[in-house]
Each structure stands twice: as structure tokens, then as C-alpha cells.
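Questions regarding the structure given below will be posed in turn.
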Amino acid sequence: MAAEGITSSVEIIEGARGFLAVMSPDPAPGKLLDGLGDQWHLLANGYKAYPSGSLTHPAIDAVLALRAEHGSGSLT
């Protein structure tokens with residue numbers, strides 16, 4: 001697209017139709033940088049146990065528990 005001369009807004013984050021305006025009725029762009037480099041939340045976050053949507057995780061846990069209890073069996 002760039003080779004064809006198609007461009008985009010230079011205000012993709014803070015513009016009237018940018019990310020902040022779409023995600024919040026009262027965007028505050030200054031908050032994006034508050035605590036940057038000073039606050040780290042890595043240890044406060046959970047982890048994703050499986051490479052799928054988190055709502056599927058209980059079903060995956062159930063299937064794994066059934067397999068552990070009853071053996072892997074055959075799929076054919």
C-alpha cells in the first residue's frame with residue numbers, strides 16, 4: 001500500500017479518530033507516559049497457561065484431568 005502512495009494519519013494515537021478516542025470517552029494522552037521506566041507490573045500479572053482464549057482454559061484443564069485419570073487412549 002505504501003508503494004502505491006497510501007498514507008495514514010500522523011495522529012494515530014491522539015487524533016480525533018485515533019486509538020485513545022476510540023478506547024475512551026475521556027482520553028488522557030499524558031497518562032501514557034506516567035511512570036514509564038519507573039513502574040513495572042510484570043510480577044503482578046498472571047500468566048496464560050495455554051495458547052488460546054482464556055475462556056477455553058477451564059475446558060482444557062478438564063480434558064487434561066480426564067486424560068490423566070483415564071489414560072490417553074486412542075483417537076481412532
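Please report the carbon-and-sulfur percent of the accessible area for the chain; probe 1.4 Å, protein heavy atoms only, DNA, RNA and ligands left out. Don't jump to the answer; show the numbers that get you there.
Working: 4450 of 7230 Å².
Answer for the chain is 62 percent, counting heavy atoms of protein chains only.
Right, another one. With θ set to phi - 60° and the Karplus curve 6.51 cos²θ - 1.76 cosθ + 1.60, what are the ³J(HN,Hα) couplings of the range 48-62 in order, to the nearest whole Hz, using x for Gly and Pro?
9, 6, 9, x, 8, x, 4, 6, 8, 4, x, 5, 5, 4, 5
Convert 37 °C to kelvin, take the viscosity as 0.692 mPa s, use the Kirkwood radius over C-alpha pairs of the chain as Rh, and evaluate the Stokes-Einstein diffusion coefficient in µm²/s, rounded to a whole number.
On the way: Rh = 17.9 Å.
The Stokes-Einstein estimate is 183 µm²/s.
A further question follows. Can you give the FRET efficiency to the nearest 0.05 for residue 9 and residue 32, using r as the Cβ-Cβ distance and R₀ = 22 Å?
Working: r = 17 Å, r/R0 = 0.77.
Computed FRET efficiency for residue 9 and residue 32: 0.80.
Here's something else I'd like to know. Starting from the Cα of residue 72, step 7 Å along the direction of its Cβ; do the same at residue 1; then give the gap between the two resulting points in nm.
Spacing of the two 7 Å Cα→Cβ label points: 4.5 nm.
By how many nm would the segment from residue 40 to residue 63 grow when fully extended, if each residue of separation counts as 0.36 nm and the alpha-carbon distance is taken off? Mind showing how you got there, number by number?
On the way: separation 23, 0.36 × 23 = 8.28 nm, distance 3.51 nm.
Value of the extension gain: 4.8 nm.
Using a 7 Å offset from the Cα along the Cα-to-Cβ direction at both residue 16 and residue 54, what is the distance between the two label points in nm, to one decimal?
If labels sit at residue 16 and residue 54, their model points lie 3.6 nm apart.
Near the amide H of residue 13, under 5 Å away, which other amide H atoms are found, from residues 5 or more places off or on another chain, if H is placed in the peptide plane?
HN-HN under 5 Å from residue 13: 19.
Using the per-residue mean of other Cβ atoms lying within 10 Å as a proxy for protection, in what order, highest first, do the peptides 2-8, 44-50 fall? Please list the in-between numbers first.
Values: 2-8: 6.4, 44-50: 8.0.
So the peptides 2-8, 44-50, ranked by packing, come out 44-50, 2-8.
The values are calculated or read from the model by the stated rules, or taken from the named source; none is laboratory data. Keep in mind that this is a model prediction, so the values were computed, not measured. Counting neighbours? That spans all protein chains shown, and the Cβs are built from the backbone with ideal geometry, glycine included. Keep in mind that these areas ignore ligands, DNA and RNA; they rest on the heavy atoms of the full protein, side chains included. Shrake-Rupley method; radii C 1.70, N 1.55, O 1.52, S 1.80 Å.
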